[in-house]
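Down below is the structure, laid out as structure tokens.
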Amino acid sequence: MMNEPQDSMQDLRMFKQALDQHAIVSIADASGRITYVNDKFCQISQYVRAELLGQNHRLLKSGVHNASFFDDMWLTIASGQTWQGEICNRNKSGELYWVETTITPSLDENGLPYQYVSVRTEITQLKQIESALAQSKAELEIRVKQRTAELEQTKHTLEADVLARKQIMGKLFYFKSVLDHSQDALFIFDADTLRMIYLNHSAETWFGFSKSELMQMPAPQSEQLMPFLANSEMVTTLRANGNEDITLDTEYQRKDGSRFSVELALKLVTGNNGKAVLVSIVRNIEWRKIAYQEQRESYAAVQVLNRELEEAQSHLMQSEKMASIGQLAAGVAHEINNPIGYVYSNLGTLEKYVLDTFALLDLYERAETAISDGEVRAQLKFAKDALDITFLKEDLHALMEESKDGITRVKKIVQNLKDFSHVDATDEWGISNLHQGLDSTLNIVNNEIKYKAEVAKEYGTIPEVECLASQLNQVFMNLLVNAAHAIEEHGTITVRTGQQGNEVWVEVADTGKGIKPEHLKKIFDPFFTTKPIGKGTGLGLSLAYGILQKHHGRIEVRSEVGKGTTFRVSLPSRQPPDATSENGTTHEVVR
Ligand SMILES: Nc1ncnc2c1ncn2[C@@H]1O[C@H](COP(=O)(O)OP(=O)(O)OP(=O)(O)O)[C@@H](O)[C@H]1O
Ligand SMILES: [Mg+2]
């Protein structure tokens, strides 16, 4: 017990020593003036003790803390409580240092602080580490944020990418199914190696080969069965053409050997990676060929029909024209026939009367000398001289002849008109030898021909023909006379006959002046003539046309101006049943 205070002092010193070793210690009075600092305080603050004692701690103020920090501290310690905290101070050199501080107020008997004991531990390094940590944490946070943002962005990009890929896949699937179900066969090859990359369903089914057979088919076989499908020359041409398509028609062969026509379209398609593929599209055009053939046939049929229609139309027009002109001719002929008849007969009677009168006059002339009255004789002589009876006798005869000739010609015209209109259909249908008819007609017209032309007969072997013989003779007569008229100096008229199928034909060819093209269409029209008045009426060919119409025949003409003309008459050797029962029936019109 005796040693107790001494021991306590020792302990106290030991603690103080330990404290001084470990901590920065200072003591300040109630007003804050420093009354004690230990060595560590001096050391860290770089001030000597004398510079510190009596000073306020504000000497060490760093400026890091704000006023409220110190207000709070003072409020705590002034109220007798211990304050703990981290303070940043500034040493004499101006450097900052951090201290972990505990300020403990020492209280008097009234409980009021009379001094403050501050114990500090330097934590500058700790603070630096802490600040470095905080900074790196902040940096880390920023980086994490950035990275998160980047990742977010990448996520969005990836999501968009996935969506796009999904859409592309959808489209691809759609296109593939469209291509697979295409009616055309589709092949895709690597343009460089010509290795098959794709083929659609049609390609598989069309050729009868399985997919693997087609994909592994050696090039020579493929080229033989499906020429040009994957052809390197074509690829070269396509490249040279600036990738313009090539389309060609060819023939392909199926596995069973059957062949079919195709249209092949080749195209080079270059992908984003610069690699080109050859797309070969094969279209079966078998149906197109059939349709084209059918179209051609129906076009030809339509053309034939059209021609027939045109012919029928022109025949109909001609027939109608003939019918109306026939009626007109029949009317005219009927009206003229009677007056001409009595004029002709009166002319005969008149001639007889005149001749009788002249005979009487002759008797009177002979009795003239017997007249004793000189005055009467003188009167008679005067009257005779005035009449020029000698001339009158001669001229009257000529006038009578001319009038008779004129009337005969008018009668002939009327007869022609009647024949043309069939008003006098007295002919009988019979079986005739056309050669005989031609020969007799040649005899009749011999006078017209003999000074103009040689007649050459080139008769073939022909059957006897069912016809109205006298009417056919009229046709031949007109053709022969026309031929003679066409020959200006001297020429040849060739009469040919022959048989073609059931038809017999007769040709009258001349070496005359020919028919001008603009006249060719008109020569069968009634009253069309190029001959001078009195030489032609223009009825000959229209008559011939009508007669051949009755015979179910036709008349054709070929002519070359300056060289000659050939008329060909064709008619069936036998008439259709009923055709010969009614004379003058209107039948099919042919020229
Ligand atoms: N062989 C021919 N060569 C040249 N022209 C011809 C020939 N035959 C006919 N023609 C032409 O056709 C026209 C009509 O002939 P068509 O026989 O109908 O009448 P036409 O001979 O003039 O008179 P018609 O026969 O009534 O006496 C003739 O005027 C003539 O111009
Ligand atoms: Mg004539």
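The values are calculated or read from the model by the stated rules, or taken from the named source; none is laboratory data. This one's a predicted model, so the numbers in the text were calculated from it and none came from an experiment. Please note: Cβ atoms are built from the backbone with ideal geometry, for glycine as well, and neighbour counts cover all protein chains shown. Surface areas here come from the heavy atoms of the whole protein model, side chains and all, with no ligands, DNA or RNA. Shrake-Rupley method; radii C 1.70, N 1.55, O 1.52, S 1.80 Å.
Listed values, structure above:
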| item | result |
| --- | --- |
| Leading residue by the ranking (surrounded by the most Cβ atoms within 10 Å (Cβ to Cβ)) among those in segment 487-497 that are within 16 Å of ligand 1 (Cβ to nearest atom) and within 23 Å of Gly553 (Cβ to Cβ) | Ile493 |
| Where Asp510 falls short, out of the listed (1) surrounded by fewer than 20 Cβ atoms within 10 Å (Cβ to Cβ); (2) over 50 Å from the mean Cα position of the chain (by Cα); (3) not hydroxyl-bearing (Ser, Thr, Tyr) | (1) |
| Qualifying residue in segment 464-477 (condition: over 13 Å from Thr566 (Cα atoms), free of Cβ contacts under 8 Å to residues at least 60 places away in the same chain and not aliphatic (A, V, I, L, M)) | yes |
| Which numbered condition Leu347 fails, given (1) within 29 Å of Lys550 (Cβ to Cβ); (2) open to solvent by less than 90 Å² (accessible area, probe 1.4 Å); (3) at pLDDT 85 or above | (1) |
| Candidate set: segment 106-141, residues that are open to solvent by less than 50 Å² (accessible area, probe 1.4 Å), part of a strand (DSSP E or B) and in contact with a Leu (Cβ under 9 Å, 6 or more places away or on another chain); chosen: the one farthest from Ile87 (Cα to Cα) | Pro113 |
| Test result for Phe567, open to solvent by less than 40 Å² (accessible area, probe 1.4 Å), modelled with pLDDT of 95 or more, within 16 Å of ligand 2 (Cβ to nearest atom) and among the aromatic types (Phe, Trp, Tyr) | yes |
| Residue in segment 496-516 that is closer than 24 Å to Lys412 by Cα and either part of a loop (DSSP other than H, G, I, E, B) or of a type in the set (Lys, Arg) (or both) present | no |
| Selection from segment 439-486 of residues that are more than 16 Å from ligand 1 (Cβ to nearest atom), among the aliphatic types (A, V, I, L, M) and assigned to a helix (DSSP H, G or I) | Ala469 |
| Single residue of segment 520-562 satisfying the filter (of a type in the set (Gly, Ala, Ser) and farther than 23 Å from Val506 by Cβ) that is farthest from ligand 2 (Cβ to nearest atom) | Gly562 |
| Search result, residues across segment 262-285 that are surrounded by 14 or more Cβ atoms within 10 Å (Cβ to Cβ) and over 15 Å from Gln183 (Cα atoms) | Leu266, Lys267, Leu268, Ala276, Val277, Leu278, Val279 |
| Candidates Asp525, Asp510, filtered to the one that is in contact with a helix residue (DSSP H, G or I) (Cβ under 6 Å, 6 or more places away or on another chain) and within 11 Å of ligand 1 (Cβ to nearest atom) | Asp510 |
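Condition check ((1) surrounded by 19 or more Cβ atoms within 10 Å (Cβ to Cβ); (2) aromatic (Phe, Trp, Tyr); (3) within 16 Å of ligand 2 (Cβ to nearest atom)) across all residues:
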site: Tyr451; (1), (2), (3): no, yes, no
site: Leu468; (1), (2), (3): yes, no, no
site: Leu472; (1), (2), (3): yes, no, yes
site: Asn478; (1), (2), (3): yes, no, yes
site: Trp505; (1), (2), (3): yes, yes, no
